[in-house]
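Colleague: Structure provided below as C-alpha cells; questions to follow.
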C-alpha cells in the first residue's frame, strides 16, 4: 500500500499551473502571423491549422504538512520540462481530409529524489468525410467537447482520464488540451440545427491508477476502456436559449443533459448546463473502481458506506460572462455536483487518512481518482474568472481564476501574465495558491504555493 500511496500522491499532487500555450481557436491574436498565412499548398502537403511550438518551463512548489500524510516528506518540489506541440491537417481530396495533433515532452523532477519522465500524447488522428452538404462522418481519435459552462462542465462526458498537461489546474486549458477518444461520429448540420451520433468502442481493458507508466503510449486503456455512446442535438434558437440536448451511455448507464445559452445585449451571455443519471457517489465510484482494477483490497469498500448505493445524481452549472470593449472578460459560475463528498464522506476521508499509512494511501487514492476523472470533490463551488488581453499595451495579457468550495470555504487561486517578446516568442509567469482550514478541501492540499516560468517559441 505504501507504493500505491506514492503512486496515488503523484497523481494528486500535480502542480496544476498552466504551462501549455492557449489554442489558436481561443486566442488567434497570440499566434504568430507566419502560422496564419494562407499560402497555396500542393495537395497532400500538411496545411497547418494550429500553432506548432516548442516550450521550456520551470516549476517550483512549496508544500504544507497536510492533515492526511503524504508519501513524500520533501518541503518542496521542482520540475523542469521541455515540450514540442504540433497540429496539422491534410486535404486528401475535395470531400476528404485528415488531421493529426500531438505533443511530446521530457521532464525532470526533484521531489526528495530525482526522476525523469518521457511523454508522448497523440491527441487526435482522424479522417473526415463530407458525404454531402449536410452530412459529415469522422473516424479515428477525435476530441469531442460538450458544455456551455467554464469552471466545470457536467455534460463533458469524454473528459475522464484524458489529461495530458499535468502542469495546470486551469479547467479551460485542461478541456482544450487533452486526449481524444477513438470513435466513429456522424453529424447532420442544417440551417438552424445539428445532430451528432458518436460510438466509442472498448479497445483495451482499463488499467489501475497505481500504474506509474502506461503500458502503451496511445493510452487506449484510458480513453477506450469501455463502450460509450453519445447522441447530441443542438438548435440555433436565440429566443429559446439555443438549446442543446444530450444522451450518453457508458458502463454506469444512461445520463441525460442539456446546455442553454442566452445573450443579453452585446456584452453579456447567460448559460445553464445540466446532467443527470443514476450512479454511486464519487467516493463509491473511486473505491469500486480501485477494487475492480486490483489497486485496492475489497475491505476498502467500507470507507464508502456513508451514503446509499446508486441514486439519481444531479450536476448543474449556472453562470454568466461579460465581455467589455477593452478586451476584458469576466465570468462567474455556481456549480452543484451531487456525487461529490457530503459531510459524512468527508469525515470518513479524514478518519481513514488519520488511521495510519495504509489508510492515508487509501484516502489519497480516492482524490487521485477524482483528479483522473476530472470531477470536483466538493458538492457546491463558486468559480470566478477574469481574462484581460492587451492589458495596458498590446504585448501583455493577464488571466486569473478562483475556485472556492462553498462546502468548507477553502479556495484555490491562480493567475498568469504572458508577454509577447516577438511575433514568435512568449514569456509566461504563473502563480498558484491554496488556502483554508487544515481539514478542508484546499486546506488539506499538499501544495501551499507554486510558481512557473515558461518560454514558448512558435515555429
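The values are calculated or read from the model by the stated rules, or taken from the named source; none is laboratory data. All figures in this text were calculated on a predicted structure; none of them were measured in a lab. So basically every Cβ, Gly included, is an ideal-geometry build from the backbone, and we count neighbours across all protein chains shown.
Colleague: Looking only at the stretch 234-268, how many residues end up being more than 25 Å from residue 202 (Cβ to Cβ) and free of Cβ contacts under 8 Å to residues at least 60 places away in the same chain?
Modeller: Restricting attention to the stretch 234-268, the residues satisfying the condition of being more than 25 Å from residue 202 (Cβ to Cβ) are 234-245, 258-268.
Then keep just the ones that are free of Cβ contacts under 8 Å to residues at least 60 places away in the same chain; that gives 234-243, 245, 262-268.
Counting residues in the stretch 234-268 that are more than 25 Å from residue 202 (Cβ to Cβ) and free of Cβ contacts under 8 Å to residues at least 60 places away in the same chain gives 18.
Colleague: Further question: Quickly run through the stretch 124-142 and pick out the residues that are surrounded by 17 or more Cβ atoms within 10 Å (Cβ to Cβ) and at pLDDT below 95.
Modeller: None - no residue of the stretch 124-142 is surrounded by 17 or more Cβ atoms within 10 Å (Cβ to Cβ) and at pLDDT below 95, so the list stays empty.
Colleague: Considering 55, 124, 89, which residue is in contact (Cβ under 8 Å) with a residue 40 or more places away in the chain, more than 22 Å from the chain's Cα centre (by Cα), under 20 Å from residue 176 (Cα atoms) and part of a strand (DSSP E or B)? First the steps, then the outcome.
Modeller: Numbers: 55 fails: more than 22 Å from the chain's Cα centre (by Cα); 124 fails: more than 22 Å from the chain's Cα centre (by Cα).
Every option except 89 fails the conditions.
Colleague: From the residues in the stretch 162-179 that are assigned to a loop (DSSP other than H, G, I, E, B) and closer than 22 Å to residue 99 by Cα, which one is modelled with the lowest pLDDT?
Modeller: Taking the stretch 162-179 and keeping what is assigned to a loop (DSSP other than H, G, I, E, B), we get 162, 164-170, 177, 179.
So of that shortlist, the ones also closer than 22 Å to residue 99 by Cα come out as 162, 164-165, 177, 179.
Details: 162: 94, 164: 90, 165: 86, 177: 90, 179: 96.
Only one residue tops the list, namely 165.
Colleague: For residues that are in a loop (DSSP other than H, G, I, E, B) and within 22 Å of the chain's Cα centre (by Cα), scanning just the stretch 339-397, find the one that is nearest to residue 173 (Cα to Cα). It would help to see each step written out before you state the result.
Modeller: Of the stretch 339-397, the ones in a loop (DSSP other than H, G, I, E, B) are 339-340, 342, 354-356, 374-377, 379, 389-395.
Retained after the next criterion (residues that are within 22 Å of the chain's Cα centre (by Cα)): 339-340, 374-377, 379.
On the way: 339: 24, 340: 23, 374: 13, 375: 15, 376: 16, 377: 19, 379: 22 Å.
If we take residues in the stretch 339-397 being in a loop (DSSP other than H, G, I, E, B) and within 22 Å of the chain's Cα centre (by Cα), then 374 is nearest to residue 173 (Cα to Cα).
Colleague: Let me ask you something else. Those residues that are out of contact with any helix residue (DSSP H, G or I) (no Cβ under 7 Å at 6 or more places or on another chain) and closer than 21 Å to residue 413 by Cα, I need them from the stretch 154-190; list them, please.
Modeller: 166, 167, 169, 170, 171, 172, 173, 174, 175, 176, 177
Colleague: Does the stretch 273-296 contain at least one residue that is without any contact (Cβ under 8 Å) to a residue 12 or more places away in the chain and not in a helix (DSSP H, G or I)?
Modeller: Step one: list which residues in the stretch 273-296 are without any contact (Cβ under 8 Å) to a residue 12 or more places away in the chain, which gives 291-292.
In the following step, the residues that additionally are not in a helix (DSSP H, G or I) were identified as none.
No: the stretch 273-296 contains no residue that is without any contact (Cβ under 8 Å) to a residue 12 or more places away in the chain and not in a helix (DSSP H, G or I).
Colleague: In this structure, does residue 81 turn out to be modelled with pLDDT of 95 or more, more than 28 Å from residue 202 (Cβ to Cβ) and surrounded by 17 or more Cβ atoms within 10 Å (Cβ to Cβ)?
Modeller: Working: modelled with pLDDT of 95 or more: yes; more than 28 Å from residue 202 (Cβ to Cβ): yes; surrounded by 17 or more Cβ atoms within 10 Å (Cβ to Cβ): yes.
Judged against the criteria, residue 81 is a match.
Colleague: If you don't mind, there's one more thing I want to ask. Can you tell me which residues in the stretch 104-117 are touching a strand residue (DSSP E or B) at 6+ places or on another chain (Cβ under 8 Å) and more than 18 Å from residue 58 (Cβ to Cβ)?
Modeller: Within the stretch 104-117, the first condition is being touching a strand residue (DSSP E or B) at 6+ places or on another chain (Cβ under 8 Å), and the residues that meet it are 104-111, 114-117.
Passing the criteria: only 104.
Colleague: Then there is this: Do we find a residue being loosely packed, with under 15 Cβ neighbours inside 10 Å, without any contact (Cβ under 8 Å) to a residue 40 or more places away in the chain and in a loop (DSSP other than H, G, I, E, B) anywhere in the stretch 433-440?
Modeller: Step one: filter the stretch 433-440 for residues loosely packed, with under 15 Cβ neighbours inside 10 Å, giving 437-438.
From what's left, without any contact (Cβ under 8 Å) to a residue 40 or more places away in the chain: 437.
So of that shortlist, the ones also in a loop (DSSP other than H, G, I, E, B) come out as 437.
Taking every residue of the stretch 433-440 in turn, at least one turns out to be loosely packed, with under 15 Cβ neighbours inside 10 Å, without any contact (Cβ under 8 Å) to a residue 40 or more places away in the chain and in a loop (DSSP other than H, G, I, E, B).
Colleague: Please count how many residues of the stretch 297-316 are surrounded by 15 or more Cβ atoms within 10 Å (Cβ to Cβ), over 25 Å from the mean Cα position of the chain (by Cα) and within 19 Å of residue 373 (Cα to Cα).
Modeller: Adding up the residues that qualify gives 1.
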